[in-house]
Amino acid sequence: MSTAAASHLSPAFPERAAWGTASKLRAWQQAALSSYLQSDPRDFLAVATPGAGKTTYALRLATELLGRGTISAVTIVAPTEHLKTQWAEAAARVGIHIDPKFSNSSARHSSEYHGVALTYAQVASRPSLHRTRTESAPTLVILDEIHHGGDNLSWGDAIREAFEPAARRLALTGTPFRSDTSPIPFVTYAEDRDGIRRSSADYTYGYAEALRDGVVRPVLFLAYGGAMRWRTKAGDEIAARLGEMLTKDAMAHAWRTALDPKGEWIPSVLAAADKRLTEVRRGVPDAGGLVIASNQTSARAYARILESITGEKVTTVLSDDAGSSERIEEYAAGDSRWMVAVRMVSEGVDVPRLCVGVYATSTSTPLFFAQAVGRFVRARRRGETASVFLPSVPVILEHAARLEDERDHALDRPQKDDGSAAAMWAEEDALLEAANRTTRTPDIDQLTFEALESDAEFDHVLFDAKQFGLNAVVGSEEEQEYLGLPGLLEPDQMAVLLHERQTAQHGRRPKVAEAPVSAHRALAAQRKELNKLVAAYARKNNAPHGVVHNDLRRACGGPSLEEATSDQVTARIEKIRAWFVGRR
């Protein structure tokens, strides 16, 4: 082991440096290392976006502490078995020998190792054993994805018991987090202005900064809605459109109907994603795709669908075991097209060639979503863009918008007003909002229902906090124009091209004559359409809904929406559509 070996480690080990940085630490890694060595703390929390190179930073620090004699042993704690192996392989490249096969039952490892790699569950099962190990030598404990220490109280207690005697503790996470009820061990908390305790990092390197530095890829989100039909437990058949405002339970059922492999939504979206992957591979020949599924049954079905689409074998990862690690490593080193996994590839697993993803899971937490998207943002050279296919589910689209919001902040754009969505302008929307105010919602995977049928419709693209696309039929020329975007483009080139595609799409739209309907129904439909456009435009521009409505009223004249005539509402619809394509 030597610091010289670590100094030549790629910034995003192994061989995953961003363009132009392969021979030295990235700026953030050097700054974080300097900060640590200057303050010489016992505990240090580094928050760095997925793909930034946390492993390289941690191992560089470990070589420094070993070289100085501050420590003589290293313990690495990771969320999964696969990550234990990944850490051990990375450490070996700099001469730090880690045993990833250490078991609680044997309680010992060979003297040729500097330490061991453990899972959080492994520590929780025998914390006293690991406390004894920690006490036996001055130890650096690297806690990878430390937020897992707050998964439940027993895990947190076990981590505290096992590693309280450690000489040094380095906590890492790729996602900012907070804990109000179960503080995570060895993490400092500070109260904000609202009196809420939030974790306080010693060094932070966010997605916005990494994007600015060219360390990570920008993300192109492609959202798909469509018509869904299902049967409830009571025997009622319900139909709804994914992407429209629904009650929580109806949205959950529509979402699960979309993810049912027996319907048409999943095959259509997987086919679209594979077309996107084909285009990306023109510029990135080894580009791969990943489908993240909710459960093993769905994962197997998705893999069969992809094999029928591509004619190629699909790598399927169903559980966190040794065989899964080998399959992931084989896929990472190869050039095959697709991998399908259940959850475990959502965090920490390093497959830099992943460029296209399908979020085909019902998991909706912001932490999981951020980790899932993190699998696709590892940049290897300039111009790479990640493409992630999403269901048009409000909570998921909001997570995607928040990822873009962080980027907007780096560009000195105003932050979105969190209270902006409170104003509902149509009576129908107000009723839906009231219906959604429930004290408890069943977990989506526990809802009892039967999916009957589904179809898919391309809704829009979200890029750089802007929404592009005016809905299109799957397989249409309009959808193909977005799927066929070049795989290698600078962010500003991508934005210009998306603007051009949307303008062309808007210009081709014919005006379709509609069957006569009653005046009140026609006006209600117009108001609903305007409200949807306002919501999309507000999200794109980080503006409150009310501000957008007022701007439209000033631009077009007329009374408030409740008093506006059909012609006045139509004028506002045309005006906001013009705004979408940059015409004021």
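The values are calculated or read from the model by the stated rules, or taken from the named source; none is laboratory data. Here the structure is a predicted model, which means the values were calculated and not measured. A quick note on method: Cβ atoms are made from the backbone with ideal geometry, for glycine too, and the neighbour counts reach across all protein chains shown. To get the accessible areas, we keep the full protein, side chains included, count just its heavy atoms, and leave off ligands, DNA and RNA. Shrake-Rupley method; radii C 1.70, N 1.55, O 1.52, S 1.80 Å.
Looking at L61, L66 in this structure, which one is hydrophobic (A, V, I, L, M, F, W, C), touching a strand residue (DSSP E or B) at 6+ places or on another chain (Cβ under 8 Å), open to solvent by 10 Å² or more (accessible area, probe 1.4 Å) and over 22 Å from L129 (Cα atoms)?
Values: L61 fails: open to solvent by 10 Å² or more (accessible area, probe 1.4 Å).
After ruling out the rest, the residue left standing is L66.
Tally up the residues in segment 484-514 that are at pLDDT 75 or above and either open to solvent by 90 Å² or more (accessible area, probe 1.4 Å) or among the small types (G, A, S) (or both), please.
Residues of segment 484-514 that are at pLDDT 75 or above, as a first pass: 484-504.
Restricting the remaining residues to those that are either open to solvent by 90 Å² or more (accessible area, probe 1.4 Å) or among the small types (G, A, S) (or both) gives 484, 487, 492-493, 495, 500, 504.
Matching residues across segment 484-514 total 7.
Quick check on this structure: which one of S111, S128, S106 is more than 22 Å from P41 (Cα to Cα), surrounded by fewer than 23 Cβ atoms within 10 Å (Cβ to Cβ) and touching a residue at least 24 places away in the same chain (Cβ under 8 Å)?
Values: S111 fails: touching a residue at least 24 places away in the same chain (Cβ under 8 Å); S106 fails: touching a residue at least 24 places away in the same chain (Cβ under 8 Å).
Sole residue among the options that is more than 22 Å from P41 (Cα to Cα), surrounded by fewer than 23 Cβ atoms within 10 Å (Cβ to Cβ) and touching a residue at least 24 places away in the same chain (Cβ under 8 Å): S128.
Take the residues of segment 1-56 that are assigned to a loop (DSSP other than H, G, I, E, B), of a type in the set (K, R) and at pLDDT below 95: which is nearest to W87 (Cα to Cα)? Walk me through it before giving the result.
Going residue by residue through segment 1-56, those that are assigned to a loop (DSSP other than H, G, I, E, B) are 1-2, 8-26, 40-42, 49-53.
With the extra rule that they be of a type in the set (K, R), the set shrinks to 16, 24, 26, 42.
Now drop any that are not at pLDDT below 95, which leaves 16, 24, 26.
On the way: R16: 15, K24: 20, R26: 19 Å.
Applying the filter and picking the extreme gives R16.
Looking only at segment 69-94, filter to residues that are among the hydroxyl-bearing types (S, T, Y) and part of a loop (DSSP other than H, G, I, E, B); which one of those is surrounded by the fewest Cβ atoms within 10 Å (Cβ to Cβ)?
So in segment 69-94, the residues among the hydroxyl-bearing types (S, T, Y) come out as 70, 72, 75, 80, 85.
From the residues that got through so far, the ones that are part of a loop (DSSP other than H, G, I, E, B) too are 70, 72, 80.
Working: T70: 13, S72: 15, T80: 24.
Here the answer is T70.
Yes or no, residue by residue, for (1) more than 16 Å from R169 (Cα to Cα); (2) among the small types (G, A, S); (3) in contact (Cβ under 8 Å) with a residue 12 or more places away in the chain; (4) touching a Leu at 6+ places or on another chain (Cβ under 7 Å):
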site	(1), (2), (3), (4)
G51	yes, yes, yes, no
K54	no, no, yes, yes
A58	no, yes, yes, yes
A62	no, yes, yes, yes
T70	no, no, yes, no
T75	no, no, yes, yes
A78	no, yes, yes, no
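Is there a residue in segment 434-451 that is at pLDDT 80 or above and either acidic (D, E) or in a helix (DSSP H, G or I) (or both)? Break it down stepwise before answering.
Of segment 434-451, the ones at pLDDT 80 or above are 450-451.
From the residues that got through so far, the ones that are either acidic (D, E) or in a helix (DSSP H, G or I) (or both) too are 450.
Yes: segment 434-451 contains one or more residues that are at pLDDT 80 or above and either acidic (D, E) or in a helix (DSSP H, G or I) (or both).
Residues in segment 258-268 that are within 14 Å of A239 (Cβ to Cβ) and either surrounded by fewer than 24 Cβ atoms within 10 Å (Cβ to Cβ) or at pLDDT below 95 (or both): how many?
1
When you look at R281, is it within 24 Å of the chain's Cα centre (by Cα), modelled with pLDDT of 90 or more and of a type outside the set (A, V, I, L, M), yes or no? Working first, answer last.
Values: within 24 Å of the chain's Cα centre (by Cα): yes; modelled with pLDDT of 90 or more: yes; of a type outside the set (A, V, I, L, M): yes.
Taking the combined requirement at face value, the residue satisfies it.
Out of W338, W265, which single residue is of a type in the set (A, V, I, L, M, F, W, C) and more than 21 Å from P352 (Cα to Cα)?
Testing whether each residue is of a type in the set (A, V, I, L, M, F, W, C) and more than 21 Å from P352 (Cα to Cα) leaves just W265.
Exactly one of (1) more than 22 Å from T56 (Cβ to Cβ); (2) buried (at least 21 other Cβ atoms within 10 Å of the Cβ); (3) at pLDDT 80 or above is unmet by R217. Its number?
Here R217 clears every test but (1).
Quick one: is I76 under 22 Å from G150 (Cβ atoms) and β-branched (V, I, T)? Can you show your working first?
On the way: under 22 Å from G150 (Cβ atoms): yes; β-branched (V, I, T): yes.
Taking the combined requirement at face value, the residue satisfies it.
Just the residues that are aliphatic (A, V, I, L, M) and closer than 17 Å to L523 by Cα, please, taken from segment 553-583.
Taking segment 553-583 as the starting set, the residues that turn out to be aliphatic (A, V, I, L, M) are 555, 561, 564, 569, 571, 573, 576, 578, 581.
Passing the criteria: L561, A564, V569, A571, I573.
Please specify each residue of segment 23-58 satisfying the condition of being open to solvent by 50 Å² or more (accessible area, probe 1.4 Å), of a type in the set (S, T, N, Q) and more than 21 Å from S199 (Cα to Cα).
Scanning segment 23-58 gives S23, Q30, Q38.
Please pick out the residue among A117, A124, A137, A158 that is in a loop (DSSP other than H, G, I, E, B) and not polar (S, T, N, Q). First the steps, then the outcome.
Details: A117 fails: in a loop (DSSP other than H, G, I, E, B); A124 fails: in a loop (DSSP other than H, G, I, E, B); A158 fails: in a loop (DSSP other than H, G, I, E, B).
The conditions single out A137.
Out of segment 287-299, which residues are closer than 17 Å to S268 by Cα and open to solvent by 10 Å² or more (accessible area, probe 1.4 Å)?
At the first step, the residues of segment 287-299 found to be closer than 17 Å to S268 by Cα are 289-293, 298-299.
Hit for segment 287-299 is S298, nothing else.
Looking only at strands (runs of 3 or more DSSP E) that lie completely in segment 208-325, which have at least 3 residues being farther than 30 Å from P100 by Cβ and touching a helix residue (DSSP H, G or I) at 6+ places or on another chain (Cβ under 9 Å)? Step through it out loud before you land on a result.
On the way: elements: 219-232, 237-242, 288-293, 315-317.
In segment 208-325, the matching strands (runs of 3 or more DSSP E) lie at 219-232, 237-242.
Which residues, taken from segment 374-403, are open to solvent by less than 10 Å² (accessible area, probe 1.4 Å), in a helix (DSSP H, G or I) and under 22 Å from N541 (Cα atoms)?
I396, A400, A401
Is there a residue being under 28 Å from G487 (Cα atoms), over 21 Å from the mean Cα position of the chain (by Cα) and free of Cβ contacts under 8 Å to residues at least 24 places away in the same chain anywhere in segment 229-248?
The answer is no; no qualifying residue exists.
Could you tell me how many of the residues in segment 456-483 are out of contact with any Pro (no Cβ under 9 Å at 6 or more places or on another chain), modelled with pLDDT of 85 or more and part of a loop (DSSP other than H, G, I, E, B)?
Total satisfying the criteria: 0.
Has segment 340-359 got any residue that is assigned to a helix (DSSP H, G or I) and surrounded by fewer than 17 Cβ atoms within 10 Å (Cβ to Cβ)? Show your work before the answer.
As a first pass, look at segment 340-359 and keep what is assigned to a helix (DSSP H, G or I): 344-346.
When the remaining residues are screened for being surrounded by fewer than 17 Cβ atoms within 10 Å (Cβ to Cβ), the result is none.
Taking every residue of segment 340-359 in turn, none turns out to be assigned to a helix (DSSP H, G or I) and surrounded by fewer than 17 Cβ atoms within 10 Å (Cβ to Cβ).
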